[in-house]
Amino acid sequence: MELIRNEKGLFMYENGEEVGKAICRYSEDAVDILHVIVKPEMRGNGLAAVLVERVVDDAEKENKEIIPTCSYARAWLKEHK
C-alpha cells in the first residue's frame, strides 16, 4: 500500500489504483477529517483505520488540532486517543 498526501487529504493506492482516502481540510493550526472512504470490496481490512491513524500522526507531528467531522474518525479517536 502506498499513501500519498496532498492538499485534499490522504490517498491510499494498491498497484497504482486508489483503494481509499481520507478527505481533509488543512489549515495553519488544524486538520479537519471530513470523510474516510474505502472501496467497498476492500472494506473490513483495516484500511480506514490506517488512513485515520496516519492523518492523526501527521497532525500531531505538526502540532495541529484534529477535528473529526467524519463519524468514523470520531469513533477511531475516541477508541485510540
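The values are calculated or read from the model by the stated rules, or taken from the named source; none is laboratory data. Predicted model only: the values in this text are computed from it and were never measured. A quick note on method: Cβ atoms are made from the backbone with ideal geometry, for glycine too, and the neighbour counts reach across all protein chains shown. Ligands, DNA and RNA are stripped out before the accessible areas are found, and what is left, the full protein with its side chains, is counted by its heavy atoms. Shrake-Rupley method; radii C 1.70, N 1.55, O 1.52, S 1.80 Å.
If ligands, DNA and RNA are left out, what is the accessible area of Ile4 with a 1.4 Å probe, given in Å² to the nearest 10?
About 70 Å², rounded to the nearest 10.
Using +1 on the beta carbon of Lys and Arg, -1 on that of Asp and Glu, and nothing else charged, what's the dipole of the chain about the Cα centre, debye to 20?
For this selection, approximately 280 debye.
Would you mind counting up the charge near Glu14? Only other residues with Cβ under 14 Å from its Cβ, with Lys and Arg at +1 and Asp and Glu at -1.
-1
Considering only DSSP beta bridges with both partners in the chain, what is the antiparallel share in %, to the nearest 5?
80
Tell me the trypsin sites (Lys or Arg not before Pro) within segment 1-49 that lie in a loop according to DSSP and have at most 13 other beta-carbon atoms within 10 Å.
Filter output for segment 1-49: Lys8, Arg43.
Taking the alpha-carbon set of the chain, what are its Rg and Dmax in Å?
For the chain, the Cα-based Rg and Dmax read 11.9, 35 Å.
Which lysines, if any, have their Cα less than 26 Å from the Cα of Lys64, not counting same-chain residues under 8 positions apart?
Lys8, Lys21, Lys78, Lys81
What FRET efficiency do you get for Glu41 and Lys8 if R0 is 22 Å and r is their Cβ-Cβ distance, rounded to the nearest 0.05?
Result of the calculation: an efficiency of 0.45.
Could you work out the helix-only [θ] at 222 nm for the chain, with each DSSP H run of four or more residues adding -39,500 (n - 2.57) and the total divided by the number of residues, to the nearest 500 deg cm²/dmol?
Taken over the chain, the calculation gives -9500 deg cm²/dmol.
Counting alpha carbon pairs within less than 8 Å and at least 6 residues apart, what relative contact order, in whole percent, applies to the chain?
After rounding, I find 24 percent.
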